[in-house]
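The structure appears right after this line, and notes come after that.
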Amino acid sequence: MRLEGKVIIVTGAARHLGQAYAVRLAQEGAKLTVADVLDCSETARLCEAEGAEVLPLNVDVSSEEETMAMARQTVERFGRVDGLLNNAGLMRNITGPSLMDVDPDWWDKVFSVNARGTFLCTRAVFPYMRDQGGGKIVNVGSTTMLRTSNNVSDSNPHYVASKGAVMAFTRAICRELGEHNINVNTLAPGGTDQDPSLTGDEATEEASRAFGRRGVPSDLTGTVAFLFSDDAAFITGQLIAVNGGKEVS
């Protein structure tokens, strides 16, 4: 219960890792706003089952109006906002994976969620964190930006570049936010899946990890809880890679 009494917003919380993050934060005692373009009622029920107070919201993180409303409604409900987990994102395999396959409109769409969304949500909560004397922001990046692509038909430049922008954004604002006692870090998962079972070439690729397997949600949720806790009070501007020791080149 190291987050007891803390109020944390989790975006992209309706399913998959976002849902897992929210449930873990609930288990640690946090009060939560769970936001997504999808229905967050299931996540809200799971968090409430852990004893958490939950505000589910329908939010498009690429909309300035909606992100501002998200922050305002959180403060109206809970009185403050202590943390923001910028998890909402579009994954890489949403269109052709190679350079010439990427539709420029999809490039813009991925950046509008992954990069612009991170920017807008951060800007929405900043005044409240500043005025209350501090807070913590965790941006979700990816370790894909740390290595070259596995092959020429799997470069996913739109996704990888957007996640690189997330880390650059973290570095750009850490001193500005630090003046107001606000931590900002990037969590960089690598090859995390809801299902740890692997077969064929995928299993061979995962053998390059120190632990010889793909990550699962529980590998990440503890790191998220740590970054929102007082134990991480002196960590800011950093990229925390949670990828089981996967090679980065």
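The values are calculated or read from the model by the stated rules, or taken from the named source; none is laboratory data. Please read these numbers as outputs of a predicted model, since none were measured by experiment. Neighbour counts are summed over all protein chains in view; Cβ atoms, including those assigned to glycine, are modelled from backbone coordinates with ideal geometry. To get the accessible areas, we keep the full protein, side chains included, count just its heavy atoms, and leave off ligands, DNA and RNA. Shrake-Rupley method; radii C 1.70, N 1.55, O 1.52, S 1.80 Å.
For residue 138, neighbours were defined as the other residues whose beta-carbon sits under 13 Å from its Cβ, and their charges (Lys and Arg +1, Asp and Glu -1) total +2. Give me the net charge of residue 2's neighbourhood, meaning all other residues with Cβ under 11 Å from the Cβ of residue 2; Lys, Arg count +1, Asp, Glu -1. With Lys, Arg at +1 and Asp, Glu at -1, the neighbours total -3. Can you tell which of 102, 135, 85 lies farthest toward the positive end of the dipole of segment 1-159, using +1 and -1 charges on the Cβ of basic and acidic side chains (Lys, Arg; Asp, Glu)? The residue sitting most towards the positive pole is 135.
One decimal place: the segment residue 64-residue 180 gains 39.5 nm when fully extended, by the rule 0.36 nm per residue minus the C-alpha distance.
The modelled label-to-label distance between residue 4 and residue 131, using points 7 Å beyond Cα along the C-beta direction, is 2.9 nm. Extension gain for residue 80 to residue 48 (0.36 nm times residue separation, less C-alpha to C-alpha distance): 9.6 nm. Taking other residues whose beta carbon is less than 10 angstrom from the beta carbon of residue 237, and scoring Lys, Arg as +1 and Asp, Glu as -1, yields +2.
Between residue 100 and residue 229, the C-beta separation translates, for a Förster distance of 51 Å, into a calculated FRET efficiency of about 0.70. Using alpha carbons only, the radius of gyration of the chain set against its Kirkwood radius gives Rg/Rh = 0.96. Each of 220, 192, 5 was scored by the projection of its Cα onto the charge dipole of the chain, and the greatest displacement toward the positive side belongs to 5; charges sit on the C-beta of Lys, Arg, Asp and Glu. Once a ≥ b ≥ c are taken as the square roots of the eigenvalues of the Cα gyration tensor of segment 1-113, is the result rounded (a/c under 1.5), prolate (a/b larger than b/c) or oblate (a/b not larger than b/c)? In terms of gyration-tensor shape, prolate. Separation of segment 104-146 and segment 13-46, taken as the distance between their Cα centroids, equals 18 angstrom. Of 226, 169, the order by accessible heavy-atom surface (1.4 Å probe, DNA, RNA and ligands excluded), from most exposed downward, is 226, 169. Our summary gives the chain a relative contact order of 18 percent, counting only alpha carbon pairs under 8 angstrom and 6 or more residues apart.
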